[in-house]
Amino acid sequence: MADNVTPRVRVPRSAAAGETITIKSMISHPMESGQRKDSDGNPIPRSIINRFTCAFNGQSVIEVALEPAISTNPFFEFEAVVPEAGTFEFTWYDDDGSVYTESKDIALA
Amino acid sequence: MTKALLKGAIYAAALGGFAQFAAADEDASLVINGELEIVTEAPAPAHLDGALRTIYSGWVFRSDETQTMQMDDFDNPGMIFVEEAMVAWNTPQGTEGKSCADCHGDAEDSMREVRAVYPKWNDDAGELRTLQMQINACRTEQMGADALKTDAGAMLSMEAYISAVGRGTIVNVAIDGPVQEIWEQGRDLYYERTGQLDLSCANCHEQNYGNLIRADHLSQGQINGFPTYRLKNAKLNGVQGRFKGCVRDTMAETYSPGSPEFVALELYVASRGNGLSVEGPSVRN
C-alpha cells in the first residue's frame, strides 16, 4: 500500500475552440520498483502506478503504461486539442488495486 | 558545460568588467510562478572580508532543466512535501491537543519572515536554535508532542513549508551578540581541513566554485535554498544532512545532524548567504 498518494493536474480554465493546450499531471507515489531490499535483506514488494489515462468528454487523449524503472512522483506533460467545452478525466491505476481520479472542466474562451 | 558560471566566464567577467558576465548568462534570473522574484546573486556580506566578491545561489549552477523545475510550483516536486506540511500545520498533535495553527494562525502571514533569520539565538532558552530545533521546541514545550527527528521526513516537510511561505525574503541571520562565539566556531569548522582528502569546505566552495569536481559542478554551498529537493534521491534534503554528505566525501568521520558542531556550521554557512533570497524548497541535482 502506498501512503499519501495525491493526484494533481493543471489544465487551463479556458481555451479557444481547436486550440492546443498543455496539460501537466503529477501523482505523489513512491513507485517502489520491487528490486530493492530492506535493511534486513528482505525484498521490498513492487508498488507502482502501472497505468495512467486522460480522456476528454469520454474520448481518449493519452494512455500510458508505466514500468518499474519510472521514478517516484511520476510527472506527465502533454498536449491536447480542445474542440469544445467539456471535462478532462484523469485516472491513475495502482498495483494495489487503488484507482485515483481527478477531473478538470475547461470552457471555451 | 556551457553555463556561464563555469570558471572561465568568471575570469572573463573579472578581466572585462561586469557587462560580459551579465551577457554570458542573461537568462539566469529566477522568477517563481511568473511573479515571485528571487535574488540569486548579491554582493558578499561584509564579514567575508573579500573572500568572495559576489554570492550566488546554488540555483545558478544547475542545468537549465533543473533550473526550470524550480520556476513553477507545479513542476517543483518539493512542493509535494510542502502540501503535506500544510495539513500537519492545521492538525492537532500531542497531549495539549493544539495544532501549529492554534498559536501561529495562517503560516503565510506568521511565518513569512522566519526562515530568513534562522538559525537564531533564543533568549529564554539561552541557546542558538536552528529552525528545526525551534519546531521541536514548539512541539515538546507547547504541544506536548514528540520531537521530530532532525533532518528527516516530517521535519523537513515542515521546514520546507516555513521556507516556502518566506520565499523572496532576504536571508539575514545575526552573527554578533550572544551568537558570536558559536559563529566563530562555525567559521573555524568551515576553514578546517578534514578527512583523508584533507579538504575544508572552503577548498571547494570558496576557492573552486564554478569548477568541476569530477562530474559535479561546484556551487558556493549556499544554504538559502534548503530544504532542497534533490533529483538524485527524490526527496527533501536538510542542510545538516548535506553537511554530513560533504564531510563524508572528504573521507572523514562526520558529525551528526543536530550536533552542536553542525548547528554552529549551519549558522556560519547561513551567514555567508546574507543577501540572497530564501528559496526553499529548491530543486537541485
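Please label the shape of segment B:40-122 as rounded, prolate or oblate, based on the square roots a ≥ b ≥ c of the eigenvalues of the alpha-carbon gyration tensor (a/c under 1.5 means rounded; beyond that, a/b larger than b/c means prolate, else oblate). Cα axes put segment B:40-122 in the oblate bin.
Note on exposure: B:Y161, B:Y191 ranked by accessible area (1.4 Å probe, complete protein assembly) read B:Y191, B:Y161, with the most exposed listed first. Per residue, the average separation of C-alpha pairs within less than 8 Å and at least 6 apart gives chain B a relative contact order of 26 percent. Of all DSSP bridge pairs formed entirely within the protein assembly as shown, close to 90 percent run antiparallel.
When B:R193, B:R284 are compared by accessible area at a 1.4 angstrom probe, the order from most to least is B:R193, B:R284.
Just to confirm the filter: which GluC sites (Glu not before Pro) across segment B:210-285 are DSSP coil and have at most 15 other Cβ within 10 angstrom of their Cβ? Qualifying residues, ordered by number: B:E253.
Take every DSSP beta bridge whose two residues both sit in segment B:189-285; close to 60 percent of them are antiparallel. Compute the long axis of helix B:7-16 from its Cα atoms, compare it with the longest principal axis of the Cα atoms of chain B, and write down the angle in degrees, 0 to 90, nearest 10. Between the helix axis and the principal axis of chain B, the angle is about 70 degrees.
Around the Cα centre of chain B, unit charges on the Cβ atoms of Lys, Arg, Asp and Glu (plus for the first two, minus for the last two) sum to a dipole of about 800 debye. For the cross-link pairs A:K37/B:K149; A:K37/B:K232; B:K98/B:K232; A:K37/B:K98; A:K104/B:K232, the ones whose C-alpha atoms lie over 27 Å apart are B:K98/B:K232; A:K37/B:K98; A:K104/B:K232. When the accessible areas of A alone and B alone are added and the area of the pair subtracted, with a 1.4 Å probe, the result is around 900 Å², both sides summed.
Going by a ≥ b ≥ c, the root eigenvalues of the Cα gyration tensor, does the protein assembly as shown fall in the rounded group (a/c under 1.5), the prolate group (a/b larger than b/c) or the oblate group? Prolate. Only protein atoms count toward the accessible area here, which uses a 1.4 Å probe; on the protein assembly as shown, the carbon and sulfur part of that area reaches 48 percent.
Relative to the longest principal axis of the Cα atoms of chain B, the long axis of helix B:153-165 lies at roughly 70 degrees. Selection among A:Q35, B:S110, B:A202 by position relative to the dipole of the protein assembly as shown gives B:A202 as farthest towards the positive end (Cβ unit charges, Cα centre). Note on B:Y56: accessible area is roughly 20 Å² with a 1.4 Å probe, heavy atoms of protein only. Residue farthest toward the positive end of the dipole of segment B:25-91, with Cβ of Lys/Arg at +1 and Asp/Glu at -1: which of B:L48, B:G34, B:M69? Highest projection toward the positive end goes to B:L48. Think of a 1.4 Å ball rolled over the protein heavy atoms: the protein assembly as shown then has 49 Å² of accessible area per residue. The angle separating the long axis of helix B:260-272 from the principal Cα axis of greatest extent in chain B is about 50 degrees. Accessible area per residue was computed with a 1.4 Å probe on protein heavy atoms; B:H217 scores about 30 Å².
How would you classify segment B:221-285 from its alpha-carbon gyration tensor, with a ≥ b ≥ c the square roots of the eigenvalues: rounded for a/c under 1.5, else prolate if a/b is greater than b/c, otherwise oblate? It is oblate, given that a/c is not under 1.5 and a/b is not larger than b/c.
For the residues of B:77-84, the average number of beta carbons from a partner chain within 10 Å of their own beta carbon is 3. Give a quick list of GluC sites (Glu not before Pro) in segment A:70-109 that DSSP marks as loop, anything other than H, G, I, E or B, with at most 16 other Cβ atoms within 10 Å. Of the GluC sites (Glu not before Pro), the ones in loops of segment A:70-109 whose Cβ has at most 16 other Cβ atoms within 10 Å are A:E84. When you filter the trypsin sites (Lys or Arg not before Pro) in segment A:26-109 for DSSP loop state and at most 13 other Cβ atoms inside 10 Å of their Cβ, you are left with A:R36. Its relative contact order, with pairs defined as Cα atoms under 8 Å and 6+ residues apart, puts segment B:196-285 at 35 percent. Think of chain A as a dipole: +1 on every Lys or Arg Cβ, -1 on every Asp or Glu Cβ, centred on the Cα centre; then among A:N50, A:A17, A:F88, A:A17 lies furthest on the positive end. Of all beta bridges that DSSP places with both ends in chain B, some 80 percent have antiparallel geometry.
The values are calculated or read from the model by the stated rules, or taken from the named source; none is laboratory data. The structure displayed is predicted, hence computed values, not measured ones. Cβ coordinates were reconstructed from backbone atoms using ideal geometry, including for glycine residues, and neighbour counts include every protein chain displayed. We work out accessible area using only protein heavy atoms, side chains counted, and drop any ligands, DNA or RNA first. Shrake-Rupley method; radii C 1.70, N 1.55, O 1.52, S 1.80 Å.
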